[in-house]
Amino acid sequence: MANPQTIWYNREKKLVETIDQRHLPFKVLNFEISTLDEARYAISEMVVRGAPLIGVTAAYGMFLAAYIFSGENFTISMNKAAEWLKSSRPTAVNLAFAVDEAISVISEQFDISKNTRLLFEYAESIKQREIECSKKIGLHGLELIKEISKTKSGKPVQILTHCNAGRLACVELGTATAPIYLAHEAGIPVHVWVDETRPRNQGGRLTAWELGEIGIPHTIIPDNTGGHLMQHGMVDMVIVGSDRTTINGDVANKIGTYLKALAAADNGIPFYVALPSTTIDWTISDGIAEIPIEQRNSNEVTMMEGMLGNEVYEFRILPEKSPVANYGFDVTPARLVTGLITERGICRATREGIINLYPEKRQK
């Protein structure tokens, strides 16, 4: 991993660069973003994915949009750009959060040069905010791993994760993986069970690639294997990320997360969700009823990529005439969540638990 960050501004080229996650683990390629259109494409087509990284990419997209709408009606045009950008993916709340914050920094009373500079500074600041959040999440989650490690008599702490909530989903360290990385650095033995996470295989293709690059012991498993491992005492804890969390603690994450939470609850295994506060939607309380669940293209299910020799090919794996339902996310009710690991600490997945960490959000 030559560049520890997954997104950055290239001052020489005057554009944004990010790792193109569509090609991993077969090729490590960068994707250049120089316009608002390219930022939206990167988000909708999953060049970038993961709630924190989507938010940062959107912030850079708003900065790049300022160059397009540098004439009259700047604010009106930017507001239209904001709504268009927010429509690229509906579930991750970081997208709307970042775009709305970007809009709040500009003003008709400023000239174009100042507005553009403010948007760039905002994009850089939200990127740094996510980096700092990941570090703090990692430190808080590390304490949980340390406590379990004390009971293992030197054997590895067995951690199961679903989808990718690593640096590829964020900017550095990640959310769910941050405590794992810090435990590995501290010399605490860990082993990670990596769900393949169909249909896009983000666990097998991204999480496993990340862990392998760092040298963290891991094993890729089919999505349906987690419950079996838990029944046989082979999982000590589950840590996943979140794309949107309600103020009451319901968690939207990659499809299949709910099933892992059910299996963990049935086997008495702690189920933690690692997330920065930018992923909390302070406006909704019922995740199942209120969080929009993205339905994606059926090709993600019917087709699969693989390497044959030195070339990457796409293969059909299902009958051509069979219909497909491709829900991108599901919602895990708060009652199944042992705790939320945030940048401010660990809390129960309840309204009171969350508000105690973020008292400024308490309604007066």
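We did not get these values from a lab; they are worked out from the coordinates using the rules stated. Everything numeric in this text was worked out from a predicted model, so none of it was measured. Neighbour counts are summed over all protein chains in view; Cβ atoms, including those assigned to glycine, are modelled from backbone coordinates with ideal geometry.
Details
- Per-residue Cβ neighbour rank within 10 angstrom, fewest leading, V312, V301, V331: V312, V301, V331
- Rounded to the nearest 20 debye, dipole of the chain from Cβ charges on Lys, Arg, Asp, Glu: 620
- Descending by average beta-carbon neighbour count within 10 Å, the peptides 324-330, 8-14, 177-183, 256-262 line up as 177-183, 256-262, 324-330, 8-14, the highest first.
- For region 133-248, average projected area of the Cα convex hull in nm²: 7.6
- Long-range Cα-Cα pairs in region 169-233 (distance over 16 Å), rounded percent: 48
- Region 4-68 and region 283-328: distance between their alpha carbon centers, rounded to Å: 22
- Eligible lysines near K150 by straight Cα distance, threshold 29 Å, same-chain separation 8 or greater: K135, K136, K260
- Largest first and in whole Å, the equivalent-ellipsoid semi-axes of region 58-216 read 40, 16, 11, each the square root of five times a Cα gyration tensor eigenvalue.
- Note on L308 and S104: the model spin-label points, each 7 Å out from Cα along the C-beta direction, lie 5.2 nm apart.
- Here region 7-129 is treated as a Stokes sphere of Kirkwood radius computed over C-alpha pairs; at 20 °C and 1.002 mPa s its diffusion coefficient rounds to 150 µm²/s.
- Lys/Arg +1, Asp/Glu -1 at C-beta; region 141-361 dipole; positive extreme among G227, I291, A176: G227
- Cα-based convex hull volume of region 282-327 per residue, rounded to whole Å³: 107
- In the chain, the longest principal axis of the Cα atoms and the axis of helix 51-68 are about 10 degrees apart.
- Both the radius of gyration and Dmax for the chain are 20.3, 68 Å, in that order, over alpha-carbon atoms.
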